[in-house]
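Read through the structure below, which is laid out as structure tokens, and then see the notes.
The values are calculated or read from the model by the stated rules, or taken from the named source; none is laboratory data. Note that the structure is predicted; figures quoted are calculated from it, not measured. No Cβ is skipped: glycine too gets one built from the backbone with ideal geometry, and neighbour counts run over all protein chains shown. These accessible areas exclude ligands, DNA and RNA; they are computed on the full protein's heavy atoms, side chains included. Shrake-Rupley method; radii C 1.70, N 1.55, O 1.52, S 1.80 Å.
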Amino acid sequence: MSPDRFARLDAEQTELPGAASVDGPIRWFCVNDFPQAYHLTFGTYGTRLHGDERGTVQRSMNKPGDPIIGKCEQWEQMETRLLKFPRVLLSLDQRLTTQEAIPAICSRGGWTFVACAARGDHVHTVLRATSDGKAVRRWLKRWVGEILSSRWPMVAGATWWAECGSNKWVWTDDYLQNVYDYVEQQRTMNENG
């Protein structure tokens, strides 16, 4: 990343409007800058609970760098009992509908579509936006859910998606190419069964 994309904050200037205070001699930080893309991932309802063998993060307990939570059958069983609705696994038709809808949803949101792939228990989307990634993910989940519900109605109160998800900021061309290749590989898996 080139230094011209950053603003220099000297020790004498410790605050900027809308920025958190900093300490130390010199800090580099992005000002009014967004990543070149976001890699957004969100899961379907009830399919990635704490204790799952794939590992999870407990956001209220973990801090960056802590290990992920591994397999724990008791924890997963407890969370399964707390589910208010059955787990959601997307059928092939639902996955293809999701993939077909996301480019138009990106247009609706004012974002630039790059790639997407829907799997049985999660959705990947790579897009460009000059908005907060978490807000984009929330709108994306809402609008995809509305499209799916128009074809496959759910019981009142049920949802297609898990609460949170992942927002990865894509800053470099290499990372963008890698994430694009990964998501396209996931998409191909749908097409090949």
Can you tell me how many residues within region 157-189 are under 15 Å from residue 90 (Cβ atoms), surrounded by fewer than 18 Cβ atoms within 10 Å (Cβ to Cβ) and either without any contact (Cβ under 8 Å) to a residue 24 or more places away in the chain or in contact with a Gly (Cβ under 9 Å, 6 or more places away or on another chain) (or both)? 1
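Would you please name the residue that is nearest to the chain's Cα centre (by Cα), looking only at residues in region 119-136 that are over 16 Å from residue 106 (Cα atoms) and open to solvent by 30 Å² or more (accessible area, probe 1.4 Å)? Walk me through it before giving the result.
So in region 119-136, the residues over 16 Å from residue 106 (Cα atoms) come out as 119-122.
Next cut, open to solvent by 30 Å² or more (accessible area, probe 1.4 Å) only: 119, 121-122.
Numbers: 119: 14, 121: 13, 122: 10 Å.
Only one residue tops the list, namely 122.
Kindly indicate which of 75, 139 is part of a helix (DSSP H, G or I), open to solvent by 40 Å² or more (accessible area, probe 1.4 Å) and at pLDDT below 95.
Working: 139 fails: at pLDDT below 95.
Answer to the selection: 75.
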Of those in region 157-193 that are acidic (Asp, Glu) and part of a helix (DSSP H, G or I), the residue farthest from residue 114 (Cα to Cα) is 191
Considering only residues of region 74-126 that are in contact with a Cys (Cβ under 6 Å, 6 or more places away or on another chain) and touching a residue at least 40 places away in the same chain (Cβ under 8 Å), which is nearest to residue 37 (Cα to Cα)? 125
Could you please let me know if residue 42 is among the hydrophobic types (A, V, I, L, M, F, W, C), closer than 30 Å to residue 150 by Cα and either modelled with pLDDT of 65 or more or assigned to a loop (DSSP other than H, G, I, E, B) (or both)? yes
Subset of region 142-156 that is assigned to a helix (DSSP H, G or I) and without any contact (Cβ under 8 Å) to a residue 12 or more places away in the chain - its residue that is nearest to residue 89 (Cα to Cα): 149
Here the residues within region 79-118 that are crowded, with 20+ Cβ neighbours inside 10 Å and farther than 24 Å from residue 189 by Cβ are 111
